Amino acid sequence: MSEITLDGLEKRYGETTAVEDVSVEIEDGELLCLLGPSGSGKSTTLRMIAGLETPTNGSIAIGDEDVTDLPAYERTTSTVFQDWALFPHMTVLENVAFGLKMGGVSKDERRDRAREMLERVQMAAHADEDPTTLSGGQKQRVALARSLAVNPDVLLLDEPLSNLDKRLREDMQIELREIHEDLEKTFVHVTHDQDEAFTLADRIGIMNDGELIQVGDPDEVYERPENRFIEGFLGDTNFVDASVTAATADGVRVDTELDAELVVTAADGTTPDLETGTDLTLSLRPEILSIHGVDEERADDAGVRDARVAADGGTRNAVTGTVENVVYRGSTVRYSVSVGNSSMFAERTDASTGALSAGDDVRLEWDGDDVLAFRDDGDRVMP
Amino acid sequence: MTGANSQTLPTALASLQERLVGESASRRALLLMAPLIAFELLVFVIPFATLLRISVAAPSSEAVYAEGTWSLEAYSEVFGDLLAGDLLLGIVGYSFLIGTVVTVLTVVIALFYAYAIRRSSGLVKSLLLFSVVLPLLTTLVIRTYAFTPLLSPTGTINELLLSAGLLSEPIQFVPNTVGAVVGQVYIVLPYAVLAIYSVLATMDWDVVEAARDLGASRPRAVVEVVLPQAMPGIIVASVISFAWSVGAYAAPGLLSDDLTFAIYVEQLILGDLRYPTAAALSVVTMGLMLAGIGIIFAVLDRFGGEFDLA
């Protein structure tokens, strides 16, 4: 078994705290992505699991063994580094065989096993080449083969795809996913790219300022982020400042900087007890907003036409504004809309309902229970 | 500036470039290298040719050598002395012994020193680097002589060892081979440290972590990953130390009573006025030194390192 238990892990460099009180249980065979902006402590956490950094406090266990004080070379982990760190004075094959050499495997056997690994990552043809002459994608494959050759219990990946171009990165993500499914080993993958995390991860751990703020399934962290930071970090959204005017069983009525009173409802009908005047931040993702020109006639308009300013018992919200600019983004068109004193953006996938252009008056609509609300301190209160 | 021929620097350069652009690539390269070639001719080729010429001139009792004559007398004398054993074992052998011992000591110390600089940071790094360069700012004679009070029978080292009870009577480090070796190591160490450090400085340290991650202990990682990559610097440091120390003059002269080849050549020239013999001995020693350097290359190259002679 090679589940990893981090307990109260902390790393300080003098006055600065790089990692603070990180505790998580990584399951055997799981692929966990540590996701966060640069400087959030995710790489330091990974390096502590690898044994390349010594924790200031806390403990690390792999399986039943406490490895906190075990040096890197005695751990059953293997790391793929961000810049791959291939040995420039060895051939590709020697690179892959290095860990086996350190493990005391005989020359013939390690040659065979290294070759096997290179075949697995489709690099066998380059076995005798100088690694410095390889392309980024090829280096990445060699680094992966080198790490897998020692048959580690845990594979640690420190942003190994971040130096690749987008297309190659996406291909490698799929490939990594397949390798993970194939090997059934525990993978911990560090990245700052949320698309990568969503593509790869069984679970995602979000880090910020040295803290692990949420660990959960990809849909869980995306749809139910525990705080405002996560909501902002995982994709684009419109944050709207709001102030509670009334909290009823039907939902929370808020006054907003959009010059409109809105209703936020919880899908399960539970409304938190919020005092009047409580400041909130609402998050309106572009995908929950629908945008129409006010002159556009639509069949389903009738019911919501007059729903501006809080729905009558329903949950539909609407505001009107003016298109400021239009950005064509291939599969979608993005509109910046000025609403009240604020500005929001919305997207729609095609322009077939009539192109909107700058200066057009539009109406933005959304369901009250698609909105997330966060308190002053960043914690999510709704839904 | 007056005068019709005066040109500003930019226009002079422009006209020079115009002329160069017209030439073929190889001719252009040759033209651009011309100052360097002229310098080499002046400071190396011509003096060395003169040395070779003197070595094959006949000795003379009236002048330092008989000008215009051709003779292999000096070489037969040198080879005769070498084969007889006195010169070979006494002087040339001693020079190569010092050269070898100094080179081994220097490279080992320089490796640790350069590694320490590479691994340090901030003020410590600056201090370590500065302390390498600092000795170069003082004159060689002073800093070599400074070893006399340190190493003499009544000097600091002996007193420390005596008072610590490690010695019952003082050791004569100077004038002695020990003094000569210590002094010579001190002279060449800065160059060796800088040669190795310059290679380590550009080395990507992630590979050391990768080695540790793949099961190499710290010392093993250094042997497997750092040393092979530092090899170009080690080779340069070895060649500098060896060539300089075999031909050492100042440290053995000031700190030892034994004759090295360089001091012997000085005696031949200034004392005995036997220029052809001195020149022939120099040529022969140079041949031996080249062979020695060839061996250094061959040995170190076997330990990996991507050192291309070409």
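The values are calculated or read from the model by the stated rules, or taken from the named source; none is laboratory data. What you see is a predicted model; the values in this text were computed from it and never measured. We place every Cβ from the backbone using ideal geometry, glycine too, and count neighbours over all the protein chains shown. Calculation scope for accessible area: heavy atoms of the full protein, side chains included, ligands and nucleic acids excluded. Shrake-Rupley method; radii C 1.70, N 1.55, O 1.52, S 1.80 Å.
So for B:F48, B:F147, what's the accessible-area order with a 1.4 Å probe, most first?
B:F48, B:F147
Using a probe of 1.4 angstrom, how much of the accessible area of segment A:131-282 is carbon and sulfur, in percent?
Here it works out to 38 percent.
Residues with beta-carbon under 13 Å from that of B:F112, excluding B:F112: net charge, scoring Lys, Arg +1 and Asp, Glu -1?
+2
So how do A:279-285, B:163-169, B:149-155 stack up, highest first, on mean other-Cβ count within 10 Å?
Ranking the peptides A:279-285, B:163-169, B:149-155 by packing returns A:279-285, B:149-155, B:163-169.
Tilt of helix A:166-183 relative to the longest C-alpha principal axis of chain A, in degrees (0 to 90, nearest 10)?
The helix A:166-183 is inclined about 60 degrees to chain A.
Distance in nm between label sites at A:D379 and A:S59, each 7 Å beyond Cα in the beta-carbon direction?
Output for this residue pair reads 3.0 nm.
Can you pick out the pairs among A:K101/A:K139; A:K11/B:K125; A:K11/A:K185; A:K42/A:K107 whose Cα atoms lie more than 31 Å from each other?
A:K42/A:K107
Nearest 10 degrees is fine. How inclined is helix A:92-102 to the longest principal axis of chain A, computing both from alpha carbons?
That works out to roughly 70 degrees.
Per residue of A:60-73, count partner chain C-beta atoms within 10 Å of its C-beta, then hand back the mean as an integer.
Counting other chains' Cβ atoms within 10 Å and averaging over A:60-73 gives 2.
Please work out the ratio of the alpha-carbon Rg of the protein assembly as shown to 2.2 N^0.38 Å and round it to two decimals.
Scaled against compact globular proteins, the figure is 1.45.
What nm distance separates the two modelled labels at B:L52 and B:F130, each placed 7 Å from Cα along Cα→Cβ?
4.8
Give, as a single signed number, the net charge of other residues whose beta carbon lies under 14 Å from the beta carbon of B:Q184, with Lys and Arg counted +1 and Asp and Glu -1.
The answer is 0.
In peptide A:81-88, what is the residue-averaged number of other protein chain Cβ atoms found within 10 Å of each Cβ?
For peptide A:81-88, the averaged partner shielding equals 6.
Taking square-rooted eigenvalues a ≥ b ≥ c of the alpha carbon gyration tensor, is segment A:1-144 rounded, prolate or oblate, where a/c under 1.5 means rounded and, failing that, a/b exceeding b/c means prolate? Present the calculation step by step, with values, prior to reporting the outcome.
On the way: a/c = 2.29, a/b = 1.78, b/c = 1.28.
Judged from the Cα gyration tensor, segment A:1-144 comes out prolate (a/c at least 1.5, a/b above b/c).
For segment B:126-194 and segment B:252-304, what is the centre-to-centre distance using only Cα atoms, to the nearest Å?
24
What does the C-alpha gyration tensor say about the overall shape of chain A? Classify as rounded when a/c is under 1.5, otherwise prolate if a/b is larger than b/c, or oblate.
prolate
Excluding B:V78 itself, what net charge comes from residues whose Cβ is under 12 Å from its Cβ, given Lys and Arg +1 and Asp and Glu -1?
For residues surrounding B:V78, the net value is -3.
How about segment B:209-232: which of its residues lose at least 40 Å² of accessible area in the presence of all protein chains relative to their chain isolated, using a 1.4 Å probe?
Residues of segment B:209-232 that lose at least 40 Å² of accessible area once the other chains are added: B:E209, B:A210, B:R212, B:D213, B:L214, B:G215, B:R220, B:E224, B:Q229.
With the Cα gyration tensor of chain B giving a ≥ b ≥ c as the square roots of its eigenvalues, does the rule (a/c under 1.5 for rounded; else a/b larger than b/c for prolate; else oblate) give rounded, prolate or oblate?
oblate
With the other protein chains left in place, how much accessible area per residue, in square angstrom, belongs to chain B at a 1.4 angstrom probe? Before the final figure, lay out each step's value.
Details: 17150 Å² over 310 residues.
Value for chain B: 55 Å² per residue.
Counting only complete DSSP H runs, which helices of chain B cover 15 Å or more along their long axis at the Cα atoms and score a mean Kyte-Doolittle of 1.6 or above?
B:122-133, B:177-201
Output the antiparallel fraction of DSSP beta bridges having both residues in the protein assembly as shown, as a percent to the nearest 5.
Looking only at bridges with both residues in the protein assembly as shown, the antiparallel portion is about 80 percent.
With +1 assigned to the C-beta of every Lys and Arg and -1 to the C-beta of every Asp and Glu, and no other charges, what is the dipole magnitude of chain A about the Cα centre in debye, to the nearest 20?
I would put it at about 1500 debye.
For chain B, what % of the accessible area comes from carbon and sulfur atoms, probe 1.4 Å?
Working: 11830 of 17150 Å².
Summing carbon and sulfur atoms, their accessible area is 69 percent of the total for chain B.
Which value, in debye to the nearest 20, gives the size of the charge dipole of the protein assembly as shown about its Cα centre, when Lys and Arg are +1 and Asp and Glu are -1 at the Cβ?
Here the size comes out at about 4560 debye.
Based on the Cβ-Cβ distance from B:F112 to B:S168, what FRET efficiency comes out when R0 is 41 Å, to the nearest 0.05?
0.85
Expressed as an acute angle from 0 to 90° and rounded to the nearest 10, what is the orientation of the C-alpha long axis of helix A:107-120 relative to the principal long axis of chain A?
20
Buried accessible area for the B:A pair, summed, 1.4 Å probe, in Å² rounded to 100?
That pair of chains buries around 1800 Å² in total.
So with the 1.4 Å probe, I'd like the accessible area per residue for segment A:127-215, rounded to whole Å².
Result: 38 Å² of accessible area for each residue.
Rounded to the nearest 0.05, what FRET efficiency is calculated for B:D204 and B:L41 with R0 set to 35 Å and r the Cβ-Cβ distance?
Values: r = 41 Å, r/R0 = 1.17.
E(calc), rounded to 0.05, equals 0.30.
Projecting each Cα onto the charge dipole of chain B (Lys/Arg +1, Asp/Glu -1 at the beta carbon, about the Cα centre), which of B:L161, B:G233, B:L270 comes out farthest on the positive side?
Result: B:G233, furthest along the dipole toward the positive end.
Hey, rough spin-label estimate for A:L168 and A:T248, points 7 angstrom out along Cα→Cβ, what's it come to in nanometres?
6.0
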